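The values are calculated or read from the model by the stated rules, or taken from the named source; none is laboratory data. Just so you know, these numbers come straight off a predicted model, no measurement behind them. Cβ placement follows ideal geometry from the backbone for every residue including glycine, while neighbour counts extend to all protein chains displayed.
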Amino acid sequence: MAEVTDSLAPRAARGRRDRRHLTAALAVTGTLLLGACGGAATPPASRTPSPRTTPTATVGATATPTPTPGSPAPTPTPPGSDVMAYVAVSDGELVPLDVTTGTAEAPLRVDADPTSVAVTPDGHYAYVADGEAATVTQVNLETGTVGAPNQVADEATLSALAITPDGATLLAVVNPDGYGTGSVIPITLASGTVGAAIPVGADPVAIAVAPGGGTAYVVNAGDSTITPISLASDTAGAPLSVGVNPMAIAITPRGGTAYVLGGHDAGTLTPVTLAANPAQDVVGSAISVPGGAPAALAMAPDGASACVLGATGVGLVSLPAGTDLWTTSNASYTAAAFSTDGTRALLGYTSGSSPRVVVLNAGTDAAGTPIALSGKPVSIAFRP
């Protein structure tokens with residue numbers, strides 16, 4: 001694992017806005033084969049193991065962006081030789097990235113304070129959440145057209161987005177001002193219908209949907225729990241305690257286990273064995289993980305390892321044992337995503353004062369030249 005050579009001191013504390021940005025990197029599925037993390041274009045030959053219904057949020061009937069009537073029919077998804085990803089950065093841009101060539105295309109201007117980006121399973125649309133304004137903006141990936149921001153909630157922020165595996169529903173995590181009881185707002189994408197807000201815990205910061213699409217799990221940082229939501233009935237189940245300061249969540253590809261990332265300074269992964277009935281989910285013992293103030297999490301497609309990202313570095317751990325496979329330091333890692341076919345992986349980070357993203361080729365185990373960004377990467381999504 002090549003080290004980033006720029007020095008970066010750990011941050012002692014985080015504000016609300018920084019935590020939104022760090023936790024927006026939702027868990028995504030793909031092969032994790034990370035040979036370098038930005039400091040060098042080629043990795044070493046080998047790796048050495050290291051010794052929210054919320055009372056303050058209201059939703060209007062026109063809150064959801066929908067495809068414009070009469071717009072051109074979407075063209076087929078680009079072939080595998082043209083792998084695209086989209087990086088939301090802190091200055092309000094969505095940067096299309098040609099992962100095959102390792103080049104950034106002309107940025108798209110979206111919301112002023114993006115916290116999350118989610119791409120529909122058919123690859124036709126992306127949705128970007130604005131944290132402070134509590135809006136969602138639709139981006140037509142076929143035409144590069146950015147829609148108008150649509151208000152989802154009042155007196156609240158949006159901390160995360162997720163799209164169900166069938167592409168039918170967008171789930172927006174709403175965090176009310178004052179860190180009170182949060183909610184999840186389901187939005188039917190085909191019709192634009194906004195569902196009723198589903199109450200979750202305090203200060204919700206992340207969400208993941210089980211692969212079968214029946215249940216979503218919301219991480220509540222304010223009360224150290226996760227809340228299961230039945231997506232068939234849009235109802236929340238009993239919360240589960242998962243340890244102090246939960247920040248992110250990832251679910252194994254077959255849906256058997258969820259891992260919850262916790263802790264600002266001393267990071268942990270808490271496994272939760274998932275049952276068909278969420279009332280029977282079982283919380284296991286926490287596993288210590290590296291990363292330095294960990295705040296984001298991504299999982300390999302086989303569920304055998306996970307990447308932990310934090311303010312002072314990034315590490316790969318085996319699952320379920322939690323063994324450190326490697327770590328690197330000297331940069332603040334804030335976002336990660338992996339292609340659905342497992343051929344590419346991306347890491348977004350800031351080294352010194354320079355925000356960047358690096359493309360990793362799983363086939364050659366090599367990293368491309370780091371790509372400069374205009375702002376801190378806060379969320380990355382691949383186009384299927």
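Numbers for the structure displayed
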read-out: Enumeration of residues in the stretch 252-304 that are of a type in the set (A, V, I, L, M, F, W, C) and closer than 19 Å to LEU346 by Cα; value: ALA295, ALA296, LEU297, ALA298, MET299, ALA300, ALA304
read-out: Some residue of the stretch 117-126 being touching a Lys or Arg at 6+ places or on another chain (Cβ under 7 Å) and either surrounded by fewer than 24 Cβ atoms within 10 Å (Cβ to Cβ) or modelled with pLDDT of 95 or more (or both); value: yes
read-out: Which numbered condition ALA206 misses (of (1) more than 14 Å from the chain's Cα centre (by Cα); (2) among the small types (Gly, Ala, Ser); (3) within 23 Å of LEU319 (Cα to Cα)); value: (1)
read-out: Residues of the stretch 188-215 that turn out to be modelled with pLDDT under 90 and either buried (at least 22 other Cβ atoms within 10 Å of the Cβ) or farther than 16 Å from ASP166 by Cβ (or both), as a count; value: 2
read-out: Qualifying residue in the stretch 166-178 (condition: farther than 26 Å from ASP154 by Cβ, buried (at least 17 other Cβ atoms within 10 Å of the Cβ) and at pLDDT 95 or above); value: yes
read-out: Qualifying residue in the stretch 170-190 (condition: on the phi < 0 side of the Ramachandran plot and touching a helix residue (DSSP H, G or I) at 6+ places or on another chain (Cβ under 7 Å)); value: no
read-out: Scan of the stretch 291-336 for residues that are in contact with a Ser or Thr (Cβ under 7 Å, 6 or more places away or on another chain), outside any strand (DSSP E or B) and more than 22 Å from LEU373 (Cβ to Cβ), ordered by number; value: ALA300, PRO301, GLY303, ALA304, LEU319, GLY322
read-out: Complete set of residues in the stretch 146-159 that are of a type in the set (A, V, I, L, M), part of a loop (DSSP other than H, G, I, E, B) and under 15 Å from ARG109 (Cα atoms); value: ALA148
read-out: Where LEU274 falls short, out of the listed (1) modelled with pLDDT of 80 or more; (2) within 18 Å of ALA210 (Cβ to Cβ); (3) under 18 Å from the mean Cα position of the chain (by Cα); value: (3)
read-out: In the stretch 342-364, residue modelled with the highest pLDDT [restricted to those that are surrounded by fewer than 18 Cβ atoms within 10 Å (Cβ to Cβ) and either farther than 15 Å from GLY102 by Cβ or hydrophobic (A, V, I, L, M, F, W, C) (or both)]; value: SER354
read-out: Complete set of residues in the stretch 160-176 that are closer than 14 Å to ALA197 by Cβ and hydrophobic (A, V, I, L, M, F, W, C); value: LEU170, LEU171, ALA172, VAL173, VAL174
read-out: Filtered residue count, the stretch 95-145, keeping only those that are in contact with a strand residue (DSSP E or B) (Cβ under 9 Å, 6 or more places away or on another chain), assigned to a loop (DSSP other than H, G, I, E, B) and farther than 19 Å from VAL359 by Cβ; value: 13
read-out: Matching residues, the stretch 81-116, being touching an Asp or Glu at 6+ places or on another chain (Cβ under 9 Å), acidic (Asp, Glu) and crowded, with 17+ Cβ neighbours inside 10 Å; value: ASP111, ASP113
read-out: The stretch 292-311: number of residues that are over 18 Å from SER379 (Cα atoms) and not aliphatic (A, V, I, L, M); value: 5
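Results for (1) in contact with an Asp or Glu (Cβ under 7 Å, 6 or more places away or on another chain); (2) more than 30 Å from VAL139 (Cβ to Cβ); (3) at pLDDT 90 or above; (4) crowded, with 23+ Cβ neighbours inside 10 Å, shown as yes or no for each residue.
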residue	(1), (2), (3), (4)
SER285	no, yes, yes, no
SER288	no, yes, no, no
CYS307	no, no, no, yes
GLY322	no, yes, no, no
THR340	no, no, no, no
